[in-house]
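Coordinate-derived values only; no laboratory data. Bear in mind the structure is a predicted one, so any value in this text is a computation, not a measurement. Ideal geometry is used to build each Cβ from the backbone, glycine not excepted, and the neighbour counts take in all protein chains shown.
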Amino acid sequence: MKFFKVRFSGRAPHPTGINTAIIFGQALDALATAWAVERLGYTEKHVLPRLLFSSTGTAFSMVPLKVFLVVVVLYFLDVRMRVEGERYPTLLSIIRLSILVLGIGPGLRDVLRASVGL
């Protein structure tokens, strides 16, 4: 898990927990969507997930794909954007916050909707 402890100039510009929270948020979104589609009879509105579900035969195929993609994006932000991170730390924080919100927001919404039966 060295990925989560990337250091820049002897200090970490972001708490390593933010990467874990981002991965958790995206995984929550994927799991909630997959559970709702597979077990509760919901349908996916977007074209790409529907294509993925029909080609793999299960909605749970979205979980490893989403986790893989978010790990690649976080790797790019932590390792490849090292110079820009030193020049524009606020910009990278806003990008991280956006990725977190775009994962955990819909994930929590789907969990709450499924729990109350909407």
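Provide I22, I94 in ascending order of the number of other Cβ atoms located within 10 Å of each residue's Cβ, fewest first.
On the way: I22 24, I94 11.
Lowest to highest Cβ neighbour count: I94, I22.
Among the trypsin sites (Lys or Arg not before Pro) found in the stretch 73-115, not one is both in a DSSP coil and sparsely packed, with 13 or fewer other Cβ atoms within 10 Å of its Cβ. Full extension of the chain segment joining S55 with V71 gains 3.4 nm, where the gain is 0.36 nm per residue of separation less the Cα-Cα distance.
The fewest-to-most ranking of V101, V73, V83 by surrounding Cβ atoms within 10 Å reads V83, V101, V73. Each of T43 and E86 was given a label point 7 Å from its Cα along the Cα-to-Cβ line. The distance between the two points is 5.3 nm. A crude spin-label estimate for the pair S93 and A21, with each label 7 Å from Cα along the Cβ direction, gives 1.2 nm.
Residues I18, I99 in ascending order of nearby Cβ atoms (within 10 Å, fewest first): I18, I99.
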